[in-house]
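A short worksheet on the structure shown next.
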Number of protein chains: 2
Amino acid sequence: MSEHRQLSGKIREDHIGETVLLKGWVQKRRDLGGLIFIDLRDRSGLVQVVFNPEDSTDAIETADKVRTEYVVEISGKVVARDEATINPQLATGKVEVLATDITILNKSKTPPFQLHDETDVAEDLRLKYRYMDLRRNPLQETFKLRHKTTQAIRDFLNSEEFLEMETPMLTKSTPEGARDYLVPSRVHEGEFYALPQSPQLFKQLIMMSGFEKYYQIARCFRDEDLRADRQPEFTQVDIETSFMSQEEIQSMTERMMKKVLKETKGVDIQTPFKHMSYDEAMDRYGSDKPDTRFGLELVNLSQIVKDSGFKVFKSAVETGGTVSGINVKGKANDFSRKDIDKLTEFVKIYDAKGLAWLKVEEGELKGPIAKFFSEEEATNLRTALSAEDGDLLLFVADKTSVVHDSLGALRQKLGRELDLIDQTQFNFLWVTDWPLFEYDEELGRYFAAHHPFTMPEREDIEKLETEPQEVRAQAYDLVLNGYELGGGSLRIYEKEVQDQMLKVLGFSEEEAQSQFGFLLEALEFGAPPHGGIALGLDRLVMILADRSNLRDTILFPKTASASDLMTQAPGPVSQEQLTELHLELNEKAKQEQLDKQ
Amino acid sequence: MSEHRQLSGKIREDHIGETVLLKGWVQKRRDLGGLIFIDLRDRSGLVQVVFNPEDSTDAIETADKVRTEYVVEISGKVVARDEATINPQLATGKVEVLATDITILNKSKTPPFQLHDETDVAEDLRLKYRYMDLRRNPLQETFKLRHKTTQAIRDFLNSEEFLEMETPMLTKSTPEGARDYLVPSRVHEGEFYALPQSPQLFKQLIMMSGFEKYYQIARCFRDEDLRADRQPEFTQVDIETSFMSQEEIQSMTERMMKKVLKETKGVDIQTPFKHMSYDEAMDRYGSDKPDTRFGLELVNLSQIVKDSGFKVFKSAVETGGTVSGINVKGKANDFSRKDIDKLTEFVKIYDAKGLAWLKVEEGELKGPIAKFFSEEEATNLRTALSAEDGDLLLFVADKTSVVHDSLGALRQKLGRELDLIDQTQFNFLWVTDWPLFEYDEELGRYFAAHHPFTMPEREDIEKLETEPQEVRAQAYDLVLNGYELGGGSLRIYEKEVQDQMLKVLGFSEEEAQSQFGFLLEALEFGAPPHGGIALGLDRLVMILADRSNLRDTILFPKTASASDLMTQAPGPVSQEQLTELHLELNEKAKQEQLDKQ
């Protein structure tokens, strides 16, 4: 056998006549007219290997025994395929390997499912046998793309003199934000570490340490109730800089994304990215992460209908709410009453009380509510919505947040279903001018819209304690095709401002001290102006790989109940382990564990 | 002011005449004859800024207010220094900046300690104010070196077509190995995740997923009692490959280290590295990680002295132990009785019962035990130890493991104290042919010397269950300058062998199934032959940066009691958090927490 291994998927016509040594998995085996054909797969792709009784009498006996997913080593000669058997679908389709020797390196039981590119096998089964599912080509390609993405990011940041630095995973629990994953300490009885929700405080401390340009591709943890697009552990591209302005940080991010898109997809994207204020995004798209690849924009009609005879509209405006509409261009005849009823059911998910509609026929608004509008109002509505014959107009009148949520979701749904979205586009958008706080009516208190370390606009600082709802943040989110790719901000670097901020958030001086004392102290020792950004790597890869599920972009993901179906984590631990950690299960958990035994 | 910021440490004579904008920290401020001098520091280094009343009347007033570690923005003109004031120690020493403008961006209280390159400030204080300590130049340089090291590693592995992949942090607890850090699950009552001690099983599963070449710069966790060179979380360069031999993995590692040494230190190291078997390393150096930068080797004298009249030696050999000696070349007259007594105390730390000694004078052995040896024995001893006049010979006779531990440690101590070590060398060594198992006499069972997934030598497999102590592992450790840099092995890829291995380690079938069931199952679905290596990044950086403490190479390290003195992690958590996790503190921990309040 020749010594040097050749990758299967890289064999081409230049290799014809060469003897090659191949190692890999049996993708498929066929017997045909006394010959045996094996599609041999390795990380580079497939090549067809042929065993015939003349060239390989010993080998054909072994070849007869191999089954799908056996691991084999094959020696043979590269030959040209007959014209008639050339496979243009395959990179190696013009050649095949005439085997002289085969060794079975390992056997395989019949795989739990077939490893086709397209699959409808239940996800639970695929997750249990994740190592089999990962052998499928689309997943192999996704993780090669993920590798390319991270390397493009690193190459860029290295070239701009950022330092990659590692922050701790065993950190301090801070109740602000999502729920922490906790790690009991053995040495310090009754105390706990927390896994980081993000390296936020550490990256700020890195700035206070004088490093000026930091990045990390950082694992983060949030113990939240999972949705399709959440995972208990996820990865973010974490960046922080000193002395840079918002514009400089955005421009750096744009250069980085330009390189990523070029190196992973070969696509040249336009920079600078578009900017839109938070208010505008909500008003025009009903979303703080609008998908700007298509129109179907929301139009705020409150001023036009505020005195109309249609009570629902009038009273919505009077009580401080909003009336907005969207124009489903040219689709009046495609939507029956029944279809519209279904859309009404859909907006109700978002707490909308109803969905009003009009159709435009012969220059007139038609439909059950048309009669409520004066000639002038009707004209203004048509103008505002650029309505023409054949258009379907849909309206929600409600509390402003409900109007945005419901019409924003409806826009997204219709955009998808009416195929309005150009799937080839990568549409980046900065959403800026965020409010610094959100008010939680139920709890009667303010929360930080981003996090408690976000810098307010300079001119709004005086309103921090008096009119917190009016304070804007020096924050910016990066949106790609309707997904929030990440967000950043300038950070507070003056102790007085940080003190005020924590006060508005309801921290007593003691609480502030016990939780963030080290940061507050660090602010007093020459903290530089600083800011940064964090981008969701899993989501970025998901978009680049054109997948719809984050689990496809994470090597060993967890289910919606935060389980690993392959390793069966989490699992029970021994009493000895608990005792060492000074812990006991509560009664219910004890019973739960007993029941399982 | 000019718009574009200039880095302080990069200003040179070419810039003379230019107006520059600088941002950074005040390293030092001096008043001298009506002038004010500021040493301005940023991540690139220092430059001297001068304020004089003529050029900068406003600025000098502000400059008068700044103190050490204030953050300032300075505008000024680069000028040549007078010949007499040129500072050759400083990269910017031929120029200075004549300031026209200064703005204080942030103030600083008086730093808790001075930020000199050399410091004798207590480590606890420096760890509490880590963000101040990190501003010191040696630490800045260490983390730049760490960055360069990781990038050199990545560049190399990328160029060899490895894929960087991320394995989970929330994994399953496996009692084999060190103690796990546990993470209670909120969703699964009474169950726990474990933080990975290494990605060992996942990287093997990546091979079973067909990726063939994986790497990760991976955070690992061990809840062990800390020593100076241990941290609860540490970083390893984790590599796994399919279809590669031991030699191929070693050669790949050597190419990687060659690139690292070249890019971080500008040093060309020789490859291939030397190899030494485990037995030889123990016999000649008393260590499985010998520092081969100097001699002072152990010489096994058992055969020479086994029949001697010196009972201590004779009976050590008779009872299965060993007698070994070292020759402290030419130092006979430098060691008094008292000095030797101190060395005796030293070897007792390692359980040696004593330290015998001889000196060579006029071709004769002298000393209290000389009389016990025959002429022939004395000649043989001198020959074996290459002993000449003026040499000091030191001996330990004991159980073999005690001889190795004590003389190995003594060799290391004398090497250091007698300055025998060439500090400029980077001495790499492969230690190979490890035993697969270690026997624990106290517990009366075998443990895996590396881990339970290490492949035995093919020809030893039949001895697995009958003579486990005889089985050698296909394992290799990489040693650098007496530090274990990392280790690797080929892994078991056949289910039958893995089953046997777990049986020898005392696992019942149920235990094996419940802990490693997923791996055992994966071995049945076409697992390829595979192996890899893991290198300690923190330690590598420590050696490259010529530091003696791992804490210097970790950005935010923990103390020996696993505390972060800056953030005060770990800390107490709320009752609500515990309840959500179905946990209670045990009585003692509760009391401990109450006492603290």
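The values are calculated or read from the model by the stated rules, or taken from the named source; none is laboratory data. Please read these numbers as outputs of a predicted model, since none were measured by experiment. Here Cβ is always computed from backbone atoms with ideal geometry, including for glycine, and neighbour counts include all displayed protein chains.
Structure above, values below:
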item	result
Single unsatisfied condition, A:VAL79 versus (1) under 27 Å from B:LYS213 (Cβ atoms); (2) β-branched (Val, Ile, Thr); (3) in contact (Cβ under 8 Å) with a residue 60 or more places away in the chain	(1)
Test: B:LYS94 is within 17 Å of B:LYS10 (Cβ to Cβ) and either out of contact with any Gly (no Cβ under 8 Å at 6 or more places or on another chain) or not small (Gly, Ala, Ser) (or both)	yes
Pick from segment A:108-120, criterion more than 23 Å from the chain's Cα centre (by Cα) and not in a strand (DSSP E or B), ranking: farthest from the other protein chains (Cβ to nearest Cβ)	A:HIS116
Selection count where residues are within 22 Å of B:GLN140 (Cα to Cα) and of a type in the set (A, V, I, L, M), scope segment A:154-182	4
Residues of segment B:196-219 classified as at the interface with chain A (Cβ under 10 Å from one of its Cβ atoms) and closer than 22 Å to A:VAL187 by Cα, total	1
Single residue of segment B:221-267 satisfying the filter (under 29 Å from A:MET169 (Cα atoms) and among the β-branched types (Val, Ile, Thr)) that is surrounded by the fewest Cβ atoms within 10 Å (Cβ to Cβ)	B:THR264
Filter result (in contact with a helix residue (DSSP H, G or I) (Cβ under 6 Å, 6 or more places away or on another chain) and over 18 Å from A:GLY286 (Cα atoms)) within segment A:332-356	none
Residue in segment A:67-85 that is nearest to the other protein chains (Cβ to nearest Cβ), counting only those that are among the small types (Gly, Ala, Ser) and surrounded by 17 or more Cβ atoms within 10 Å (Cβ to Cβ)	A:SER75
Condition broken by A:ASP58, with the remaining ones in (1) under 21 Å from B:GLY210 (Cα atoms); (2) away from chain B (no Cβ under 14 Å) satisfied	(1)
Some residue of segment A:353-369 being touching an Asp or Glu at 6+ places or on another chain (Cβ under 8 Å) and touching a residue at least 60 places away in the same chain (Cβ under 8 Å)	no
Count of residues meeting criterion [within 19 Å of A:ILE326 (Cβ to Cβ) and touching a helix residue (DSSP H, G or I) at 6+ places or on another chain (Cβ under 8 Å)] in segment A:415-428	2
Filter result for A:TYR446 (modelled with pLDDT under 95, in contact with a Leu (Cβ under 7 Å, 6 or more places away or on another chain), crowded, with 17+ Cβ neighbours inside 10 Å and not small (Gly, Ala, Ser))	yes
In segment B:132-141, residue surrounded by the most Cβ atoms within 10 Å (Cβ to Cβ) [restricted to those that are at the interface with chain A (Cβ under 7 Å from one of its Cβ atoms) and not in a helix (DSSP H, G or I)]	B:ARG135
Residue ranges of helices (runs of 4 or more DSSP H) in segment B:334-421 with at least 3 members aliphatic (A, V, I, L, M) and more than 21 Å from B:GLN303 (Cβ to Cβ)	B:337-348, B:400-417
Number of the condition not met by B:SER242 [criteria: (1) within 14 Å of chain A (Cβ to nearest Cβ); (2) free of Cβ contacts under 8 Å to residues at least 60 places away in the same chain]	(2)
Single condition B:LYS144 does not satisfy, out of (1) more than 30 Å from A:ARG43 (Cβ to Cβ); (2) over 23 Å from the mean Cα position of the chain (by Cα); (3) at the interface with chain A (Cβ under 7 Å from one of its Cβ atoms)	(2)
Top-ranked residue in segment A:157-181 [being over 18 Å from B:LYS144 (Cβ atoms) and either more than 10 Å from chain B (Cβ to nearest Cβ) or within 18 Å of the chain's Cα centre (by Cα) (or both); ranked as surrounded by the most Cβ atoms within 10 Å (Cβ to Cβ)]	A:GLU176
Pairs, first buried (at least 19 other Cβ atoms within 10 Å of the Cβ) in segment A:404-415, second in a helix (DSSP H, G or I), C-beta under 7 Å, six or more apart	A:HIS404/A:MET282; A:SER406/A:VAL347; A:GLY408/A:TYR285; A:LEU410/A:LEU343; A:LEU410/A:PHE346; A:LEU410/A:VAL347; A:ARG411/A:TYR285
Matching residues, segment A:18-55, being at pLDDT 95 or above, outside any strand (DSSP E or B) and out of contact with any helix residue (DSSP H, G or I) (no Cβ under 9 Å at 6 or more places or on another chain)	A:GLU18
Yes/no for B:ILE349 being touching a residue at least 12 places away in the same chain (Cβ under 8 Å), β-branched (Val, Ile, Thr) and more than 23 Å from B:VAL317 (Cβ to Cβ)	yes
Residue ranges of helices (runs of 4 or more DSSP H) in segment B:237-324 with at least 1 members within 20 Å of B:HIS450 (Cβ to Cβ)	B:246-265, B:278-285
Checklist (1) touching a helix residue (DSSP H, G or I) at 6+ places or on another chain (Cβ under 6 Å); (2) over 30 Å from B:VAL71 (Cα atoms); (3) more than 12 Å from every other protein chain (Cβ to nearest Cβ) applied to A:VAL237, failing item	(2)
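Okay, residues lined up against (1) loosely packed, with under 13 Cβ neighbours inside 10 Å; (2) away from chain B (no Cβ under 12 Å); (3) within 21 Å of B:SER242 (Cβ to Cβ); (4) free of Cβ contacts under 8 Å to residues at least 24 places away in the same chain:
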{"site": "A:ILE11", "(1), (2), (3), (4)": "no, yes, yes, no"}
{"site": "A:GLY17", "(1), (2), (3), (4)": "yes, yes, no, no"}
{"site": "A:LEU22", "(1), (2), (3), (4)": "no, no, yes, no"}
{"site": "A:ARG30", "(1), (2), (3), (4)": "yes, yes, no, yes"}
{"site": "A:SER44", "(1), (2), (3), (4)": "no, no, yes, no"}
{"site": "A:ASP64", "(1), (2), (3), (4)": "yes, yes, no, no"}
{"site": "A:ASN87", "(1), (2), (3), (4)": "no, yes, no, no"}
{"site": "A:THR92", "(1), (2), (3), (4)": "no, yes, yes, no"}
{"site": "A:ASN106", "(1), (2), (3), (4)": "no, no, yes, no"}
